[in-house]
Amino acid sequence: MDTIKRIGVLTSGGDAPGMNAAIRAVTRTAIHHGMEVYGIKRGYQGMIEGDIVKLDSLAVSGILQKGGTILKTARCAEFRTPEGRKKAYDQLKKFNINGVIVIGGDGSFTGATLMSREYDIPFIGIPGTIDNDLYGTEYTIGYDTALNTIVSAVDKIRDTASSLNRVFFVEVMGKEAGFVALHSGIACGAEGILIPEVKGQLDKLRVYLVQRSKEFKSSIILVAEGEDEGRAIDIAARFQKEFPDFDIRTTILGHIQRGGSPSAVDRVNASRLGVAAVEALLDDQQSIMVGIMQNEIVHVPINKTVKLHKDIDRDLMKIVDMLQ
Ligand code: F6P
């Protein structure tokens, strides 16, 4: 393995608040260690097309507090093919890039795994997704900001829900996982939380909502977008049919969950992970993700992060029940 002198950094998949803080940390740490840094635009798409620009310390100035990603991002179908990855490799060679840092989620890490199996360039992953669904890390960049965005939106919904004794089904993101719904639900004091990891919650919810409506109380139910019983709008329609006296509304929070200035937690952790990713490259690590477990930086083989399943903390569901 050649000494790493020039690295590439990219963001891929769904953007997440804090990605810019990670780009800044990667760039400045690499420069600190005497390396050159190139920003690869639009994720793997830019790698294939050679849309690659030099980053210096000034290029990442004033971005720490900004949501989105200055490098832009993409979900790239061509990179899933061996031909696409060959084109990407040729571009990396052309730019003399001999180490890549990928900030993204499971789709991005699947690409990184394939690339580092096929070619002799180390790929280091930094977990960046609001979903927090990656195995091997308790934390992903953007998750904390998304939770805070949801909490502030639901607090507002609660004002109107309680004024009119309404039942609100609020759908949040998270892909197939319920981390976002579970944690934001606890933070909002939601009356119900529907997540794909916990089955058969509707009967319990029916009984609880009937009791609350008798007491003239409003309710907020957080629904994960991947919930097995259906989307929030469908569940709400079923409940409205069963309970015509309920005054039911649905809110889909949508992409506001992905935007906004990153929280302090996201800024600090993204900075730590950016530094750790460059240090992993310097340490000759190959195809790993840097993550955070029990507030310590860890290295996890990148293929494991996509192959293995991360479960929710089941004890949190007991808390939900107890605090209702
Ligand atoms: O993975 C992040 C995420 O925001 C998921 O929570 C959501 O399912 C998905 O991306 C939405 O993707 P898009 O922005 O492409 O609609």
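The values are calculated or read from the model by the stated rules, or taken from the named source; none is laboratory data. Keep in mind that what you see is a predicted model, and the values were worked out from it rather than measured. A quick note on method: Cβ atoms are made from the backbone with ideal geometry, for glycine too, and the neighbour counts reach across all protein chains shown. Note: accessible area is taken over every heavy atom of the protein model, side chains too, but ligands, DNA and RNA are not part of it. Shrake-Rupley method; radii C 1.70, N 1.55, O 1.52, S 1.80 Å.
Report the local net charge at residue 187: Lys and Arg +1, Asp and Glu -1, summed over other residues whose C-beta lies under 15 Å from its C-beta. Computed value for this residue: -2.
I need the peptides 43-52, 210-219 ranked by packing, meaning the mean over residues of other C-beta atoms within 10 angstrom, with the highest value on top. Don't skip to the end; give the middle numbers.
Details: 43-52: 22.4, 210-219: 13.8.
Order by mean packing, descending: 43-52, 210-219.
A 1.4 Å probe run over the chain, with the rest of the protein chains in place, finds 43 Å² accessible per residue.
Taken about its Cα centre, the stretch 230-324 carries a charge dipole of roughly 280 debye when the Cβ of each Lys and Arg holds +1 and the Cβ of each Asp and Glu holds -1.
List the GluC sites (Glu not before Pro) in the stretch 73-146 that DSSP assigns to loop (not H, G, I, E or B) and whose Cβ has at most 12 other Cβ atoms within 10 Å. Which are they?
Qualifying residues, ordered by number: none.
Computed from phi, the 3J(HN,Hα) profile of the stretch 164-169 under the Karplus parametrisation 6.51, -1.76, 1.60 (θ = phi - 60°) reads 10, 6, 9, 9, 10, 9 Hz, with x in place of Gly and Pro.
Across all directions, the average flat footprint of the convex hull enclosing the Cα atoms of the chain is 16.4 nm². For the stretch 1-115, the residue among 32, 107, 10 whose Cα projects farthest onto the positive side of the dipole built from Cβ charges is 32. Among 110-116, 197-203, the peptide with the highest mean count of other Cβ atoms within 10 Å heads the list, and the full ranking is 110-116, 197-203.
Within straight-line reach of residue 5, meaning a Cα separation under 18 Å, sit the following lysines at least 8 residues removed in sequence or on another chain: 54, 93, 94.
Each Lys or Arg adds one and each Asp or Glu takes one away; over the other residues whose Cβ falls under 9 Å from the Cβ of residue 292, this sums to -1. Our estimate of slack between residue 138 and residue 284, defined as 0.36 nm per intervening residue step minus the Cα-Cα distance, is 50.1 nm. Close amide-amide hydrogen proximity is noted between residue 125 and 102, 288, 289, 290, each under 5 Å apart and 5 or more residues distant or on a separate chain (H modeled in the peptide plane; Pro and chain starts excluded). Selection among 19, 180, 95 by position relative to the dipole of the chain gives 95 as farthest towards the positive end (Cβ unit charges, Cα centre).
Compute the FRET efficiency between residue 228 and residue 163 as 1/(1 + (r/R0)^6), taking r as their Cβ-Cβ distance and R0 = 41 Å, and round to the nearest 0.05.
FRET efficiency, residue 228 to residue 163: 0.80.
Here the Karplus curve 6.51 cos²θ - 1.76 cosθ + 1.60, taken at θ = phi - 60°, turns the phi angles of the stretch 23-40 into couplings of 4, 4, 5, 4, 4, 6, 5, 4, 4, 4, 8, x, 9, 9, 10, 10, x, 9 Hz, with x standing for Gly and Pro.
For the chain, DSSP calls about 25 percent of its internal beta bridges antiparallel. Near the amide H of residue 141, within less than 5 Å, lie the amide hydrogens of 128, 129, all on another chain or at least 5 residues away, with H placed in the peptide plane.
Per-residue 3J(HN,Hα) values for the stretch 123-138, derived from phi via the Karplus relation 6.51 cos²θ - 1.76 cosθ + 1.60 with θ = phi - 60°, read 10, 10, x, 10, x, x, 6, 5, 6, 6, 9, 8, 5, x, 8, 7 Hz in sequence order (x marks Gly and Pro).
Charges only on Cβ, +1 for Lys and Arg, -1 for Asp and Glu: so what's the dipole of the stretch 144-258 about the Cα centre, in debye to the nearest 20?
Charge dipole of the stretch 144-258: 260 debye, to the nearest 20.
Carbon and sulfur together cover what percent of the accessible area of the stretch 218-269 at a 1.4 Å probe radius? Carbon and sulfur together cover 55 percent of it.
The spread of Cα positions in the stretch 248-294, taken along each principal axis and listed from longest to shortest, comes to 56, 22, 21 Å. Placing unit charges on the Cβ atoms of the charged side chains and taking the dipole of the chain about its Cα centre, the candidate lying farthest along the positive direction among 290, 270, 170 is 270. Residues within the reach of a label modelled at residue 65 (point 7 angstrom out along Cα to beta-carbon, backbone nitrogen below 19 Å), restricted to the stretch 5-29, are 17-25.
First compute the accessible area of the stretch 1-157 with a 1.4 Å probe, then give the percent of it belonging to carbon and sulfur atoms.
After summing per-atom areas, the C and S share lands at 50 percent.
In percent, rounded to a whole number, the relative contact order of the chain is 23, using alpha-carbon pairs under 8 Å and six or more apart.
Close amide-amide hydrogen proximity is noted between residue 252 and 171, each under 5 Å apart and 5 or more residues distant or on a separate chain (H modeled in the peptide plane; Pro and chain starts excluded). The stretch between residue 261 and residue 152 holds 37.9 nm of extra length on full extension. This uses 0.36 nm per residue minus the Cα-Cα distance. Basic side chains Lys and Arg get +1 at the Cβ, acidic Asp and Glu get -1 at the Cβ, and with that the dipole of the chain about its Cα centre reaches some 620 debye.
Per-residue packing, averaged as other Cβ atoms within 10 Å, sorts the ranges 313-323, 296-306, 92-102 into the order 92-102, 296-306, 313-323, beginning with the highest. The alpha-carbon of residue 204 sits under 22 angstrom from the alpha-carbons of these lysines, leaving out residues fewer than 8 places away in its chain: 214, 217, 241, 318.
With springs only between Cα atoms under 10 Å, which of 69, 160, 145 fluctuates most in a Gaussian network model of the chain? Greatest mean-square fluctuation among the candidates belongs to 160.
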